[in-house]
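Scroll down for the structure; my scribbles are underneath it.
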Amino acid sequence: HDFRFELENVPLDDDLRAALVPESRKAWDRFSPRGVVSARGTAHREPGPGNRPRIPVEIHPEGSTLTFREFPGEMRNVTGEILVDGDRIRITRVRSQDGDATVEVSGEIRDLTGDATVDVSIDARAVPRDDRRRRAASDDVRKTWELLSPGGSIDAHSRLTKEAGKELVHATTLRARGNTVRHKDFPIEVSGL
């Protein structure tokens, strides 16, 4: 049995989250979405008693906000495509625009209900070093930030990977874009970094 559905201007609220199957709720919780999306998919159920439907859903954010649990900071004005298929998520060039800053995400997360595997790439351009990013950073990064008081913006390429049974690995390359630094104990600002 199959049926196709298309939804437009769907609010990402608690009612929608409650309507999802448990695997999809885990995906929801990993991204903490807010805003409005359009979605389409085909529900398929094999004949026979006890067979559960399979409902892969293509989600198209329309200026929504996402906060990926494994990456600090929220993504605003999100567009692109996210495929949620049970406990698997495929991210196809999801893009966030916030002023001059852009962030693009692509990759896949599998087995959300078990020991997830992750392979996600994040490319950020002209991301300002502001208080919002400082608050979203890890404790170690925040300590260094407070010691050096950096300013300006950065480009970054991050790859998040995780194999079953192992910890999440962050590999990030940063490039300064005309940054400034003022060490806490040395009051002269260094600029043009």
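Structure summary
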{"quantity": "Out of 102, 113, 117, 161, sole residue that is open to solvent by 60 Å² or more (accessible area, probe 1.4 Å) and within 22 Å of residue 32 (Cβ to Cβ)", "calculated": "113"}
{"quantity": "Residue satisfying all of: in region 54-78; over 12 Å from the mean Cα position of the chain (by Cα) and free of Cβ contacts under 8 Å to residues at least 24 places away in the same chain; nearest to residue 156 (Cα to Cα) among these", "calculated": "77"}
{"quantity": "Residue satisfying all of: in region 81-92; under 13 Å from residue 37 (Cβ atoms) and crowded, with 18+ Cβ neighbours inside 10 Å; farthest from the chain's Cα centre (by Cα) among these", "calculated": "84"}
{"quantity": "Identity of the residue in region 8-42, more than 19 Å from residue 113 (Cβ to Cβ) and touching a residue at least 40 places away in the same chain (Cβ under 8 Å), that ends up surrounded by the fewest Cβ atoms within 10 Å (Cβ to Cβ)", "calculated": "9"}
{"quantity": "In region 79-99, residue farthest from residue 155 (Cα to Cα) [restricted to those that are part of a loop (DSSP other than H, G, I, E, B) and of a type outside the set (D, E, K, R)]", "calculated": "86"}
{"quantity": "Among residues of region 135-193, those that are in a loop (DSSP other than H, G, I, E, B), more than 30 Å from residue 30 (Cα to Cα) and hydrophobic (A, V, I, L, M, F, W, C), counted", "calculated": "3"}
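The values are calculated or read from the model by the stated rules, or taken from the named source; none is laboratory data. Keep in mind that what you see is a predicted model, and the values were worked out from it rather than measured. Cβ sites come from the backbone with ideal geometry, for glycine too, and all protein chains shown count toward neighbours. Remember, those area values only see protein heavy atoms, side chains included, never the ligands or the DNA or RNA. Shrake-Rupley method; radii C 1.70, N 1.55, O 1.52, S 1.80 Å.
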